[in-house]
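The values are calculated or read from the model by the stated rules, or taken from the named source; none is laboratory data. This is a predicted model, so every value here is computed, not measured. Ideal geometry is used to build each Cβ from the backbone, glycine not excepted, and the neighbour counts take in all protein chains shown.
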């Protein structure tokens with residue numbers, strides 16, 4: 001038998017009798033998958049672990065509280081032999097062979113008629129790995145191969161696009177703050193399966209280089225005071241490509257709903273009857289400060305943090321931010337898109353009661369290789385931005401947390 005590899009097959013056990021001998025740790029690990037398969041499970045064992053007993057109490061398995069006896073495998077389709085009695089295991093194995101029941105033995109795989117593969121799951125796919133090397137089975141290697149394949153499917157590094165079950169539509173994917181490793185697992189998988197990607201400038205650009213050659217990438221970069229793709233044009237592009245039956249990913253920086261205009265795109269798609277999936281992303285408002293060593297909250301220092309947009313100045317009639325109220329808060333203030341307005345913002349905060357000595361940090365290109373941190377105070381930040389040539393994108397943090405050192409005390 002060792003000279004020939006096993007023949008892989010998927011057993012459909014729904015409603016079919018499965019016998020498990022032994023109620024120990026092996027049964028505890030294997031029973032959940034058999035339950036999920038819908039098998040009619042009969043456990044034969046005088047004792048069982050608390051977890052296995054709970055399965056019996058829940059009615060998921062039928063527990064016969066006794067040792068194995070001749071005839072227990074009658075009418076079974078599949079058997080798992082995992083008792084601590086070698087003689088019982090041998091006798092049950094012989095019965096399985098006589099009745100042509102596929103049988104797994106935990107104590108002696110070479111004498112079994114079936115092996116349990118290392119299995120994992122990802123989006124409706126079951127990955128099952130068996131060692132076929134006649135020189136010896138290596139369970140750790142098998143498990144490692146299983147983990148590598150499943151992880152690759154989950155994070156999109158192993159591209160396995162759907163062909164029969166794919167549906168046209170749009171996914172609004174939050175790409176995170178910039179580091180390609182900080183996109184969510186689901187976002188990366190959808191990106192790997194896309195036909196068209198409409199990408200923002202602040203999305204994780206490095207991921208675009210990993211896309212297959214057939215994927216169409218559309219640059220929707222909205223560079224401040226430079227060329228931009230109007231929001232209406234973006235909406236139309238999403239709708240047009242989805243109506244062509246393509247899988248479209250709208251790759252956005254941070255989170256789609258944190259100053260990302262994701263809801264506008266969702267409404268446009270809904271009006272056009274296009275199905276849309278929203279995949280949250282890690283917002284730069286908390287991740288970028290964290291990457292620069294700044295916690296937005298800290299015990300005894302800040303019990304709150306507020307995120308605001310600084311893309312319009314406090315004295316601009318379009319501003320919806322209540323700056324006077326923000327000046328009275330004692331927590332952390334995080335300002336996005338406010339580099340060129342930070343001087344006027346700081347003046348407004350100070351004018352309404354915020355101390356001019358309040359620490360300020362500007363973190364440019366956060367989480368990327370180009371990240372840099374520039375420190376100032378509300379009194380000096382306007383001059384510092386100019387002197388240090390701070391450019392967007394940058395996250396601005398205002399509050400005492402900025403002055404915290406690695407040991408949690410004020411630096």
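Is the range 371-380 home to any residue that is in a loop (DSSP other than H, G, I, E, B) and at pLDDT below 95? No, every residue in the range 371-380 fails to be in a loop (DSSP other than H, G, I, E, B) and at pLDDT below 95. Of all residues in the range 185-218, those satisfying the criterion of being over 18 Å from residue 284 (Cβ atoms) and more than 20 Å from the chain's Cα centre (by Cα) are 195, 196, 198, 209, 212, 213, 214, 215, 216, 217, 218. Selection of the range 381-399 for residues being modelled with pLDDT of 95 or more and buried (at least 17 other Cβ atoms within 10 Å of the Cβ) yields 381, 382, 384, 385, 390, 394, 395, 396, 397, 398, 399.
One line per residue, one yes/no per condition, for (1) surrounded by 14 or more Cβ atoms within 10 Å (Cβ to Cβ); (2) over 22 Å from residue 291 (Cα atoms); (3) not assigned by TED's automatic domain parsing to the domain that holds residue 307:
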residue: 177; (1), (2), (3): yes, no, yes
residue: 203; (1), (2), (3): yes, no, yes
residue: 210; (1), (2), (3): yes, yes, yes
residue: 214; (1), (2), (3): no, yes, yes
residue: 238; (1), (2), (3): yes, yes, yes
residue: 243; (1), (2), (3): no, yes, yes
residue: 248; (1), (2), (3): yes, yes, yes
residue: 264; (1), (2), (3): no, yes, yes
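Among the numbered conditions (1) more than 23 Å from residue 189 (Cβ to Cβ); (2) at pLDDT below 95, the only one that residue 306 does not meet is (2). Within the range 53-71, the set of residues being touching a strand residue (DSSP E or B) at 6+ places or on another chain (Cβ under 7 Å) and buried (at least 20 other Cβ atoms within 10 Å of the Cβ) comprises 61, 68. Can we say residue 73 is modelled with pLDDT of 95 or more and either under 36 Å from the mean Cα position of the chain (by Cα) or part of a helix (DSSP H, G or I) (or both)? No.
Reported count of residues in the range 262-315, each being in a helix (DSSP H, G or I) and within 30 Å of residue 246 (Cβ to Cβ), is 11. Taken over the range 55-69, residues that are in a strand (DSSP E or B) and either farther than 17 Å from residue 79 by Cα or out of contact with any helix residue (DSSP H, G or I) (no Cβ under 7 Å at 6 or more places or on another chain) (or both) amount to 2. Residues that are in contact with a helix residue (DSSP H, G or I) (Cβ under 6 Å, 6 or more places away or on another chain) and part of a helix (DSSP H, G or I) were ranked within the range 38-54; the one that is modelled with the lowest pLDDT is 51.
Only one of 313, 291, 346, 327 is surrounded by fewer than 21 Cβ atoms within 10 Å (Cβ to Cβ), closer than 14 Å to residue 398 by Cβ and either more than 26 Å from the chain's Cα centre (by Cα) or touching a residue at least 24 places away in the same chain (Cβ under 8 Å) (or both); which? The conditions single out 327. Within the range 157-174, the only residue that satisfies the criterion of being modelled with pLDDT of 95 or more and either in a loop (DSSP other than H, G, I, E, B) or within 18 Å of residue 124 (Cβ to Cβ) (or both) is 171. Only a single criterion out of (1) within 23 Å of residue 15 (Cα to Cα); (2) modelled with pLDDT of 95 or more; (3) crowded, with 18+ Cβ neighbours inside 10 Å is not satisfied by residue 35, namely (3). Summed over the range 107-119, residues that are out of contact with any strand residue (DSSP E or B) (no Cβ under 7 Å at 6 or more places or on another chain) and either buried (at least 16 other Cβ atoms within 10 Å of the Cβ) or in a helix (DSSP H, G or I) (or both) total 3.
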